[in-house]
Every structure is written in structure tokens, then in C-alpha cells.
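Asker: Below: one structure in C-alpha cells.
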Amino acid sequence: MNPSCSPGTEVIPLEPKDQWKPIDQIRSIVFFIARLPLDEEKLRHSLENLIRNYLPILAARIAPIGKTGGLAYHIPAEIPHDRRLFEWSSRRVPTTLAASQLLPSRGGGGGGGGGGGGGEVDGITWGTSIPQLTEEWAPATWPKSRLDDGPDAPLLLVHVTHYTDAAVLGVNLPHAVVDQMGFASFIRAWLTLAAGGKPSEFLQLPPGTLDGPPDVPSKELRLKGTFRLKTRNDRIRILLGFAPELIREPDETRRLAVFPEALITKLRLRYQETINQKHGLKHAKLTNGDVLVAICLKACANQAERSEPSH
């Protein structure tokens, strides 16, 4: 235990990969859109239950330890009754979600545009910019960086925007605490409790558990489909690949892209049939996530080809 810590506090260092700058400072904000009203009190109660009884690490504070200034979770062995487990806020908007015109129109075809109405979007379309959505669905006081946190600020921030027919749940957590898969596990456990169930047990794995054996031959490590970054030089080479794009596009454009589920499912079934015919039924099954990734990679490749100078 660090001598600067109070008695009964468990100190767990963050993994090195979560302490790289600026990863150690980033706060991730995720919005979940429910097409029906949400029971705010039930969600709040189940979240407190989740943290106290299943995920006490979310009650921690991230602070430096030792002379090196490395970051670590500081978790009370017994969570005090009056401890701020999370920050919760909400507001009500006296309109429907469609009337807010923040999301692409439903049934408006594959073109751009915002607003309204009835059926499903027919094709991939652009929506409102992410900064504008954040202004509408998150408090202006929310920190965008962990460095902006106030004294003894909780890791987890939650905001609910209520519409007359829907709700938007905004969740703000440091990226060092959860990645995309971690976010999914956390939300799944939370909703399971809210529905009256019991979430799966969370495992506390020692650092490096998922890194694989350290003595894998370099040739085997770099087989197609199994390559993992292992050294500083590996990471430097990857980062250098982004340099031309960062020079060409120094400012990030943050926009919402909407992929209709019906379209993604249709593509998945079509290409799954092609794979089955070529490789047999024992081949791995595609997911909607695989299709989304393929579409994005194809779009990036096409953009890169258009950006290359002609000879």
C-alpha cells in the first residue's frame, strides 16, 4: 500500500498501455438512445447496486502513486455510505425525439438531412455533428478530459435526457477505465440489474494476462490475422502510417453516420451465403459488427485511392 493512501485503501496500478499520453487523459462519452421513456430512479438504484456489489472499481479515484507519478486506482476496501459513486443529472425536453430533429429522418431515404418521421432509414446517411449532439445530450459542465475533473470527482458521470416518447442516456468514463468492449460489458450488467436479473461475475485478471505467451517466434506472431503489436518499434511504425493523414487533415471532423439495421442484416446474410458456398458451413459466422467494419474499411481504402497523386 502506498504510504500516502488512507488505511483500508487498495491501490491497483493502471496498465502501462492505459498510461500513454494522451490516453491517460481522455474521457469517453457514449450515448444510448431508447425509443421509449426510461425509469430514471430504477436506473439510478441499479447503478449504485452494480458498483457496490459487482464493480467496486468504478467507485475508485485515479491518482498518482510513488515518486514516478504512475497512475493507479485507489479503491476503498469498504465503500462508505456517503461516497459519491457517480455524478447523476437529467433534464426534460417537452417534445418528441423526432421533433428535436437531431437524428436523421426515418423513412427519408439514403441521402443526408435531419428531422422527423415514420419508417426506417433506407440507406447509410449522415446525421448531426457529434459536438452538437453532445451539447444537447450532456451537461456543459462535463469534463472532456480527466485533467478537468474537480477534486474527488467520481470516475462515472451519467446524464439522462427525457423526451416525451424516448430518452437518451449519456455515460462519461475515462478511456483508461473502459474500452469499447468494457463499455458493453458494463452497460449489459447495469441493464441486467435494472431488469431484475443478476449480472455475470466480473473477473479481476492480473496485468498481462491477455498478452499471450512472451516467447512466440516473430515469424509466427506476424501471421496474417494474428499480428499483435509487441515492441516500441512496432508501435512507432504503426503511428508513422497515420502521419500523412494527420498532416492533410489536422482537425478531426466528428459526425454521426447512421447504418440501418435492415441494410446491415441484408448484407450480412448475402455475404454469409457466399462464404458458406466457398468455405463450408463450419466457417466462422459473420456478425453485423463485421459488416460495419468492412464497410468502413472499404470507404477508407477508396478515400486513400482517390487521395493518391496520379502518375
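Every number in this text was worked out from the coordinates using simple rules, so none of it is lab data. Keep in mind that this is a model prediction, so the values were computed, not measured. Positions of Cβ are generated from backbone atoms using ideal geometry, with glycine treated the same way; all protein chains shown enter the neighbour counts.
Asker: Output wanted: per-residue J couplings in Hz (rounded whole) for the stretch 8-15, from phi through Karplus 6.51 cos²θ - 1.76 cosθ + 1.60, θ = phi - 60°, x for Gly and Pro.
Answerer: x, 9, 8, 10, 10, x, 5, 5
Asker: Long-range amide H contacts for Glu87: which residues qualify at under 5 Å (H placed 1.01 Å from N, peptide plane, sequence gap of 5 or more or a different chain)?
Answerer: Those qualifying (amide H under 5 Å, at least 5 residues apart or on another chain) are Leu156, Leu157, Val158.
Asker: Mind listing the long-range amide H neighbours of Gly70? Cut-off is under 5 Å, sequence gap 5 or more, other chains count too, H placed in the peptide plane at 1.01 Å from N.
Answerer: Close amide H contacts, sequence-distant or interchain: Ile65.
Asker: Tally Lys/Arg at +1 and Asp/Glu at -1 over every other residue whose Cβ is under 14 Å from the Cβ of Glu135; what's the total?
Answerer: +2
Asker: Still on this structure, please answer the following. If amide H atoms are built 1.01 Å from N in the plane of the peptide, which residues on other chains or at least 5 residues away come under 5 Å of the amide H of Ala166?
Answerer: HN-HN under 5 Å from Ala166: Leu97.
Asker: Something else now. Would you kindly derive the ³J(HN,Hα) couplings of the stretch 44-60 from the backbone phi angles with the Karplus curve 6.51 cos²θ - 1.76 cosθ + 1.60 (θ = phi - 60°), listing them in order in whole Hz, with x for Gly and Pro?
Answerer: After applying 6.51 cos²θ - 1.76 cosθ + 1.60, I find 5, 5, 5, 5, 5, 4, 4, 5, 5, 10, 10, 10, x, 5, 6, 8, 6 Hz.
Asker: Shifting gears a bit: Can you compute the modelled spin-label distance between Arg232 and Arg255, with each label point 7 Å from Cα toward Cβ, in nm?
Answerer: 4.0 nm
Asker: While we're here: Give me a comma-separated list of calculated 3J(HN,Hα) values for the stretch 83-89, in order, Karplus coefficients 6.51, -1.76, 1.60 applied at θ = phi - 60°, integers in Hz, x for any Gly or Pro.
Answerer: 6, 6, 6, 7, 9, 10, 8
Asker: If you take every residue apart from Pro174 with its C-beta less than 14 Å away from the C-beta of Pro174, what net charge results, scoring Lys and Arg +1 and Asp and Glu -1? Write down the numbers at each step before the final one.
Answerer: Numbers: positive: Lys17, Lys21, Arg27, Arg61, Lys144, Arg146; negative: Glu15, Asp18, Asp24, Glu87, Asp148, Asp149, Asp179.
It works out to a net charge of -1.
Asker: Please compare each pair in Lys21/Lys285; Lys219/Lys278; Lys198/Lys298 to a cut-off of 32 Å on the Cα-Cα distance and tell me which ones are over it.
Answerer: Pairs exceeding the cut-off: Lys21/Lys285; Lys198/Lys298.
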